[in-house]
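Structure first, then comments.
All of the numbers you see were taken from the coordinates with simple rules; none came from a lab. Keep in mind it's a predicted model, so treat the numbers as computed, not measured. Every residue, glycine as well, gets a Cβ built from its backbone with ideal geometry; the counts of neighbours run over all protein chains shown.
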Amino acid sequence: MSTTADWLNEERQELAVDRILEAAREVFAGDGIRGARMGKIAEAAGCSRATLYRYFPNKETLLHGYMVRIAKDFEEVLDDKLRGLRSLGDRMVEAVAVSVELIGEREDVAPFFNEEGLGLTAQLTSNAATMRERLARQIEHESCSERIQGQLRSEVSADEAAEWLTRTIFSFSVLPPEARSGAGLRKYLQKMLIPSLIAP
């Protein structure tokens, strides 16, 4: 376990933040969002509460940082899953389906989508404009790419498409898991999502 001195002498802030967020992952998975205490996260990270507060002044900033990290984790998985798809519509469908599946499978993400954490999650994501902006840039790039077939409908902006995809992911993530999954979810998204976003 690291000592406080180790933390205070940390040359790279990214390493310290990564250690804290990894500890938060463990505590969120075990105790849920509201049950997770900053003191327990500090203990799991091997630092003092004072050190933890130097990097994350309150629980809200820690949760926001954690969600940004989760978004990056999801991006890595999605990059792999979407690599062979050349249709913009197919890529959107798969991105939504894989995101919903990841949310349901990961113990460290599920607490954000149960009854306890849902209100807080909605509040945080409504302020997480950077994540939607990143998705919008990706959609705009792919819609103009010669490697990707298909374009957005003329009346739909990349920003609007990104917002719609985000809302779709959250909507399916709070429904009972038996509602739609796997091939059924993808078939439904093909039918409902593509016509609303992709030009015929």
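Please list, in chain and number order, the residues 5+ apart from Gln149 or on another chain whose amide H is under 5 Å from its amide H, with Hs placed from the backbone.
Sorted by chain and number, the residues that satisfy this are Ser87, Leu88.
Could you tell me what a quarter of the Cα convex hull surface of the range 23-107 works out to, in nm² with one decimal place?
Its Cα hull, projected and averaged over all orientations, spans 6.3 nm².
Sorted by packing (mean other beta-carbon atoms within 10 Å per residue), highest first, where do 36-42, 72-78 land?
36-42, 72-78
Cβ neighbours within 10 Å, averaged per peptide: list 164-175, 184-195 in order, most packed at the top.
The most tightly packed comes first, giving 164-175, 184-195.
For the pairs Lys81/Lys187; Lys59/Lys187; Lys72/Lys187, note any where the Cα-Cα span goes beyond 29 Å.
From Lys81/Lys187; Lys59/Lys187; Lys72/Lys187, over 29 Å: Lys59/Lys187.
State the extension gain, in nm to one decimal, for the chain segment bounded by Asp31 and Glu60, taking 0.36 nm per residue of separation less the distance between their alpha-carbons.
Here the segment from Asp31 to Glu60 would lengthen by 8.8 nm.
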